[in-house]
Amino acid sequence: MSGFFNALSASLILMALMSVGFFMGWRGWMGPSEKKFLSKYIVNIAVPCTCITGLLSNLSHDMLVQAGFMLIAAVLGMAITLLLAAGLAQLLHLPRSRWGVFVVMTGLSNTLFIGLPVCTQLFGDKCLPYVMIYYLGNTSFLQSLGIMLIQRSGTAEGTRTTVLGFFKNLLSKPPILGVIFSILMLVLDLQLPAVVMKFAGYIGDTVSPLALIYCGYIIWEVGLKNLRLLPGLPTMLVVRLGVAPVICWGICHLFGVIGLAMQVFVVESALPVVSQVPVLSGAFGADEQYAATGACLSTLASFISIPILMLLIG
């Protein structure tokens, strides 16, 4: 029960932080320009600093091989969930504008804006390496298969995703570069100067509150009165918040991923829709309102599902 109450307490704190973003939107203190600034700062500056401090402080040279097996387990769990989502989209006879959006919403989780603060609240900073391992697999799927599926659901012309383009896009992301840099430092068994680590720590500490304020603003932007269970969304919520963690739990046991790593992976797999999905849907002419509604509903529902999940795995 301690895990349940810890998760319940963490959920209340996270909801309180999100309410700040909602309140700032309602008061007119935050708008599209501030939202854009927060997103750029979090993804391009704060998260890379978190990657560096989290990985270098909690991983060692000897743990790298084990981390590779963990990444394989995480990716396999995501792949199975995406295949399940594609099958369900066919059974639900969703229109083209929603088909790919539904699959990506159902198959991939919000490992960064929600996952990072949730896991650090639940498990402390020692969970950061496992969060980054899961994030690496999740964002690889999003930048390749996810973009392709949303493009095919849209009406706008999009460039075809090539292998070279995929790696170029992936390696242009500061969080990925932060992970790669940290892994190279671990391979070479090197450490950054203490002053650099302290600076990165201060910047990294801003991720959780700002990411949740950002998510709270998005909920205000969509509007609570516009949150309706559109066709397919109840199924998406059940798989995203309930079935996906069961799949992840099974794969973790199959690959021998246990303890804190398994708990982090299961929680990461049970998180809301990736915040980029509504943005990509709008950019490619897919059903942006459908994506935004799914993202908001899953975010709100996760604050009920996560304490229950911690009661089961704690």
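A short reminder: the numbers here are calculations on the coordinates, not readings from a lab. Only a predicted model underlies this, so the values are computations on that prediction, with no experimental measurement involved. Cβ: placed from backbone, ideal geometry, glycine included. Neighbour counts: every protein chain shown.
Can you tell me what percent of all Cα-Cα pairs in the range 81-196 are more than 21 Å apart?
Considering the range 81-196, 52 percent of its Cα-Cα pairs are separated by more than 21 Å.
Just tell me, in residue order, which DSSP H segments of the chain are both 18 angstrom or longer along the helix axis (alpha-carbon based) and at least 0.0 in mean Kyte-Doolittle hydropathy.
Span-like helices, by this rule, are 2-27, 64-91, 128-141, 174-187, 207-222, 288-313.
Any idea which of ASN44, SER57, TRP99 is furthest toward the positive side of the dipole for the range 29-136, if Lys and Arg beta-carbons carry +1 and Asp and Glu beta-carbons -1?
Going by the charge dipole, the pick is TRP99.
Just to check, using Stokes-Einstein with a Kirkwood Rh over alpha carbon pairs, what's the diffusion coefficient of the range 241-314 at 37 °C and 0.692 mPa s in µm²/s?
245 µm²/s
Amide H of SER109 versus every other amide H placed in the peptide plane: which residues, excluding those fewer than 5 positions away on the same chain, fall under 5 Å?
Distant-sequence amide H within range of SER109: zero hits.
Rounded, prolate or oblate: which fits the range 174-259 when a ≥ b ≥ c are the square roots of the eigenvalues of the alpha-carbon gyration tensor, with rounded for a/c under 1.5 and prolate only if a/b beats b/c?
Verdict is oblate for the range 174-259.
Is the shape of the chain best called rounded, prolate or oblate, per the rule: a/c under 1.5 gives rounded, else a/b larger than b/c gives prolate, else oblate, with a ≥ b ≥ c the square roots of the Cα gyration tensor eigenvalues?
Because its axes are fairly even, with a/c under 1.5, the chain counts as rounded.
What dipole magnitude, in Debye to the nearest 20, does the range 27-169 give about its Cα centre under +1 on Lys/Arg Cβ and -1 on Asp/Glu Cβ?
Roughly 500 debye, rounded to the nearest 20.
Can you tell me the convex hull volume per residue for the range 273-314, based on C-alpha atoms, in Å³ to the nearest whole number?
59 Å³
Within 10 Å, at most 13 other Cβ atoms, and a DSSP state outside H, G, I, E, B define an exposed site. Report the longest part of the chain free of exposed trypsin sites (Lys or Arg not before Pro).
The reported range is 1-159.
Starting from the Cα of LYS173, draw a straight line to each of the lysines and keep only those under 29 Å, dropping any in the same chain fewer than 8 residues away.
Straight-distance partners of LYS173: LYS35, LYS36, LYS40, LYS126, LYS198.
Mind checking the dipole of the range 87-217: about its Cα centre, +1 per Lys or Arg Cβ, -1 per Asp or Glu Cβ, Debye to the nearest 20?
400 debye
Could you give the dipole magnitude of the chain about its Cα centre, charging the beta-carbon of Lys and Arg +1 and that of Asp and Glu -1, in debye to the nearest 20?
My answer is approximately 580 debye.
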